[in-house]
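The values are calculated or read from the model by the stated rules, or taken from the named source; none is laboratory data. This one's a predicted model, so the numbers in the text were calculated from it and none came from an experiment. For neighbour counting, all protein chains shown are included, and Cβ atoms are generated from backbone atoms with ideal geometry for every residue, glycine included. Quick note on the areas: whole protein, heavy atoms, side chains included, nothing else; ligands and nucleic acids left out. Shrake-Rupley method; radii C 1.70, N 1.55, O 1.52, S 1.80 Å.
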Amino acid sequence: QVQLVESGGGLVQAGGSLRLSCAASGRTFSNYNMGWFRQAPGKEREFVAAISWISNTNYADSVKGRFTISRDNAKNTVYLQMNSLNPEDTAVYYCAVGLGTVLPGRRAAGYNYWGQGTQVTVSS
């Protein structure tokens, strides 16, 4: 059974940093894309960042230059380093895994497995 478990969320002041982790289990994901999405209260889930099975990356414009996605295939884990956080980054962050492609997609439909989410709150 595939399971994705996020960690690293919390409360941080504007300008601060957080590092999210997502540990996958149940199978080997080295040939899969891994991504992060987020959902703020009253808003739809939106793409944040993704990394392909060959480590090509894709970022939402709103986080480009501030967030960095990486993966450790030996640990079946994907990370999201978030710097220069602002209150607009406040959301529940979800880890997702999908079939491998050269460039990881931004559409949620392209991801087959999802974590339960971790809350990130940025205070002003």
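Using a 1.4 angstrom probe on the protein heavy atoms only, could you order GLU44, GLU6 from most to least accessible area?
The most accessible residue leads, giving GLU44, GLU6.
Could you calculate the contour length gain from THR28 to SER7, that is, 0.36 nm times the residue separation minus the distance between their Cα atoms, to one decimal place in nm?
5.6 nm
Can you bin every Cα-Cα distance in segment 1-86 into 5 Å intervals starting at zero and give me the percent of pairs per bin, rounded to whole numbers?
It works out to 3, 14, 23, 25, 20, 10, 5, 1, in whole percents.
Using the basic label-point model (7 angstrom from Cα toward the beta carbon), what is the THR121 to ARG45 distance in nanometres?
In this crude spin-label approximation the distance works out to 2.3 nm.
Given a Förster distance of 25 angstrom, what is the FRET efficiency for ALA109 paired with ALA14, based on the Cβ-Cβ distance and rounded to 0.05? Mind showing how you got there, number by number?
Details: r = 33 Å, r/R0 = 1.31.
After rounding to 0.05, the efficiency reads 0.15.
Determine the percent antiparallel among the DSSP beta bridges restricted to the chain, to the nearest 5. If you can, show how the numbers build up before the last one.
Working: 38 of 42 bridges.
Once the DSSP bridges in the chain are tallied, antiparallel ones form about 90 percent.
Keeping the other protein chains in place, figure out the carbon and sulfur percent of the accessible area of the chain, with a 1.4 Å probe.
Ligands and nucleic acids excluded, carbon and sulfur reach 47 percent.
Taking the solvent-accessible surface of protein heavy atoms with a 1.4 Å probe, what is the per residue accessible area of the chain in Å²?
That works out to 51 Å² for each residue.
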